[in-house]
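Single-structure report; data block below.
Each reported figure results from applying straightforward, stated rules to the coordinates on display, with no laboratory input. As the structure is a computational prediction, the values presented were derived from the model and not from experiment. Positions of Cβ are generated from backbone atoms using ideal geometry, with glycine treated the same way; all protein chains shown enter the neighbour counts.
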Amino acid sequence: MISCTEFIPAYSELFKFLEKKGGARAVLDFWNFFADAYLTTLKNLAAERGVRGCWKYWSKTLNEEAADFTMELDEEAGELTITIHHCPSKGRLLELKHLKAYGSYCRHCDILYRRVLEPLGLEYRIDLSRADQARCRVTVKAKPVKA
Amino acid sequence: MTKKVMRRRAADNVYLHKDFHGALNQALLYLHKKYGERAVRDYLRQFARNYHAPLRQALVEKGLVALKDYFERIYGLEGAECRTELSPDELTVTVPRCPAVTHIRKMDWPLAPLFQETSRTIHEAICRGTPYKAELIDYDPKTGRSVQRFLRRSERPI
């Protein structure tokens, strides 16, 4: 068994394995598949309740992952922001000195969530400029309805 | 209309996101379907070789107690029972219910047909190049119940 506490290095190794098999395209194909096949809970919550559904989804996952974060929901503005002060996943990979993480590891958070949320009329942005310090910032915003 | 703020520090929670078992399961299903059985095993070998390098080194230096401690720790973290019997040349690890399979079944996700390779292939890869070998001697895909044995090789390590 790979413990769920060991999943992140297994995930990173998977990306490396896929890239060796078929380049960056193979990794992207997997991320697209994974968003469609696995992120159904987020998709359903966001479809039913918009940014409030996203709040509910990340309230569970970020707590279970013991993330250091601030999440803010403003329903009037139709906006959810998540400031990750220390990402438990990237943080783990940085701590594992014997393991070289997949170079574009954090990019999966951009591809996966955008693919789920944007078709539902939500704008998804992630600032990965400080990903090397296990920090990032996510914004999910309801797109204005065209008149 | 609601405004809410949630602030959490890492120490506020225990790191235990069981849905990661489902994520790994999906990854195995994908690899199997797109690249075949061999790719699943090759991936797991790569993971074991790279991630478990310190464990393999500890196995060489300290012997089977390194594996015993490892299994007791990871199953303990998941709140699962893991019985170990250790002698100088043999370690038996009995897991009555695999926490990964239990969670995947609970969530009603289809279990990857090669899920047991997360034990068999990984443990064989950890033992590669050491004086020990790994055997998965019993496995039930319904519950993930397993009996794994690690024993000293009579032949030279491969």
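Restricting the stretch A:27-51 to residues that are closer than 23 Å to B:Trp109 by Cβ and small (Gly, Ala, Ser) leaves a set whose member that is farthest from the chain's Cα centre (by Cα) is A:Ala47. Of the residues making up the stretch A:39-55, those that are within 11 Å of chain B (Cβ to nearest Cβ) and either more than 18 Å from A:Cys109 (Cα to Cα) or among the basic types (Lys, Arg) (or both) number 1.
Do we find that A:Phe34 is under 25 Å from B:Glu78 (Cβ atoms), among the aromatic types (Phe, Trp, Tyr) and at the interface with another protein chain (Cβ under 7 Å from one of its Cβ atoms) in this structure? It is true that A:Phe34 is under 25 Å from B:Glu78 (Cβ atoms), among the aromatic types (Phe, Trp, Tyr) and at the interface with another protein chain (Cβ under 7 Å from one of its Cβ atoms).
Each residue in the stretch B:104-123 was checked for being charged (D, E, K, R) and either surrounded by 18 or more Cβ atoms within 10 Å (Cβ to Cβ) or not in a helix (DSSP H, G or I) (or both), and 3 pass.
The set of residues in the stretch B:100-131 that are hydroxyl-bearing (Ser, Thr, Tyr) and away from every other protein chain (no Cβ under 13 Å) contains only B:Thr130. If you check A:Asp74, A:Asp68, which single one turns out to be within 10 Å of chain B (Cβ to nearest Cβ), farther than 22 Å from A:Leu128 by Cα and free of Cβ contacts under 8 Å to residues at least 40 places away in the same chain? Exactly one residue qualifies, and that residue is A:Asp74. Listed by first and then second residue, the pairs with beta-carbon distance under 6 Å, at least 6 apart or on different chains, first residue in the stretch A:113-133 and among the aromatic types (Phe, Trp, Tyr), second part of a strand (DSSP E or B), are A:Tyr113/A:Tyr124; A:Tyr124/A:Val140. Looking only at the stretch B:124-137, decide whether some residue is surrounded by fewer than 19 Cβ atoms within 10 Å (Cβ to Cβ), without any contact (Cβ under 8 Å) to a residue 24 or more places away in the chain, at positive phi and not in a strand (DSSP E or B). No, the stretch B:124-137 has no match at all.
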